[in-house]
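None of the figures in this text is laboratory data; all of them are computed from the coordinates on show. The shown structure was predicted, so the numbers you read here are calculated from the model rather than taken from an experiment. When we count neighbours, we look across all protein chains shown, and the Cβ atoms used for this are built from the backbone with ideal geometry, even at glycine.
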Amino acid sequence: MKKKILVSVIVILIIMAIGLAVVLTNNNGKKTETNNNTNSYIPEELNIADENEMSTPADEVEFNRNPKNVTIEILSDTISNTLVEILITDNNVDQYGWGVEFRVQEKVDNEWKDLDYISDDLAWIDIAYELNEDNQLTQKLDIEKYYGKLNNGIYRIVKPVYDNGYVDIYSNEFEIG
């Protein structure tokens, strides 16, 4: 029994040695490069960011984007008191991440007021959608799921985006009634 265990250990060590040899050589037989500062393995085709970039906190990264380069349009033929579709156009070089979260605001006495959610137990899935080749994304917003049915009135959609802190981007107005 001890002999079988010894043979198994030797076989495992040989497999590990072969695996290490494969990792240390490029599949094309090219010489492996190492970073002289850390002696760590870096494949030739891997692009390593500058050390200063890697240590920059996410909140300090500068993007080429501005909320003014975004429009959120209500698609008028989709408006109901339970659902609406929006068309997001993001013409920024570094586009925002567009998730499913939204808020609805109602115009009351010429001021915009956030509507209350129907429950405190609601959650948003954390997903980001890609824009199409025209820098656009269409989203169906299930208003009833989060707010119930809208009463007659003037509304707009608010989409929060992260831009070194959260900022709100507003749609055009739409009317229920």
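Extending each Cα 7 Å along its Cβ direction at residue 63 and residue 145, get the distance between those two points in nm, one decimal.
Distance between the two pseudo-spin positions: 2.3 nm.
For the residue pair residue 103 and residue 163, what label-to-label distance in nm results when each label sits 7 Å from Cα along the Cα-to-beta-carbon direction?
1.6 nm
Taking R0 as 35 Å, what's the FRET efficiency between residue 91 and residue 121 from their Cβ-Cβ distance, rounded to 0.05?
0.40
Between residue 136 and residue 15, what is 0.36 nm times their sequence separation minus the Cα-Cα distance? Round to one decimal in nm.
Stretched out fully, the residue 136 to residue 15 stretch lengthens by 38.5 nm.
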